[in-house]
1. Quick one: if the Förster radius is 25 Å, what FRET efficiency do residue B:58 and residue A:83 give, using the C-beta to C-beta distance and rounding to 0.05?
2. Mind pulling the per residue volume of the convex hull built on the Cα atoms of the protein assembly as shown? Å³ is fine.
3. Straight-line reach from residue B:112: which aspartates and glutamates have Cα under 13 Å away, leaving out those fewer than 8 places along the same chain?
4. With springs only between Cα atoms under 10 Å apart, run a GNM on chain B and tell me which of B:32, B:88, B:11 wobbles the most.
5. Relative to the Cα centre, what is the charge dipole magnitude of the stretch B:6-62, using +1 at the beta carbon of each Lys and Arg, -1 at the beta carbon of each Asp and Glu, and rounding to the nearest 20 debye?
6. To the nearest 0.05, how large is the calculated FRET efficiency for residue B:38 and residue A:55 if R₀ is 45 Å and r is the Cβ-Cβ distance?
7. Give me the percent of Cα-Cα pairs in chain A that sit more than 21 Å apart, rounded to a whole number.
Amino acid sequence: SQTIHQWPATLVQPVGSPLSLECTVEGTSNPNLYWYRQAAGRGLQLLFYSVGIGQISSEVPQNLSASRPQDRQFILSSKKLLLSDSGFYLCAWSAGQPEAFFGQGTRLTVV
Amino acid sequence: SQELEQSPQSLIVQEGKNLTINCTSSKTLYGLYWYKQKYGEGLIFLMMLQKGGEEKSHEKITAKLDEKKQQSSLHITASQPSHAGIYLCGADGNGGSQGNLIFGKGTKLSVKP
């Protein structure tokens, strides 16, 4: 069966520090991968999605970037965090089915 | 751009009572998804609706998509504390391109024992 791993679960980082969140999927090949952010009172917002290795589409301009170095690995990064980057980040995957499946999320607090 | 509006924003019900959550889209829905999220955790997929008038049920949760495919409702019968959480509706954005999901802001459900 397919599983998705996302880490860390929680993270507290100072303003200006770098960020790296990792997501890996097991049990499937060539999945579509997504990064979402859930900010208080704003619902879920799609940040990036990838249909293959090295293929990244950005939905909104921001201080973040994403990379897909391997088929089942998706990384969310930032060189310098802003206070506004705080939120709950969710990784998701889909492959051949309409619905997406989500990881457990990372709660990021920028202080 | 397509937007999803959920109502109510929050809901407190007594255990055993029925409840309904609504999701309205600004454009025709090509795929409508219902997810449940416990605070600070990932999303759990509940149901997907694609056809106008479609209705699906899982245990005590029923989701419907109207004929015009612009509104969906999620109905919980005889609510239990285990139903508590945040319910989100999601839809395929960009006219159905796979995976480009957009979401409503969620409905926070509390069930009092």
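Each reported figure results from applying straightforward, stated rules to the coordinates on display, with no laboratory input. For clarity, every value in this text was computed on a predicted model and none was experimentally measured. Quick reminder, even Gly has a Cβ in these numbers, built from the backbone with ideal geometry, and neighbours come from all protein chains shown.
1. On the way: r = 40 Å, r/R0 = 1.60.
For residue B:58 and residue A:83, the calculated efficiency is 0.05.
2. Values: hull volume 26.5 nm³, N = 224.
It is 118 Å³ per residue.
3. Of all the aspartates and glutamates, those that pass the test against residue B:112 - Cα under 13 Å, at least 8 places apart if same chain - are B:15.
4. B:11
5. Details: 7 positive and 5 negative charges, 19 e Å.
I would put it at about 100 debye.
6. Details: r = 32 Å, r/R0 = 0.72.
Once rounded, the FRET efficiency stands at 0.90.
7. Values: 1808 of 6105 pairs.
The calculated P(r) of chain A puts 30 percent of pairs beyond 21 Å.
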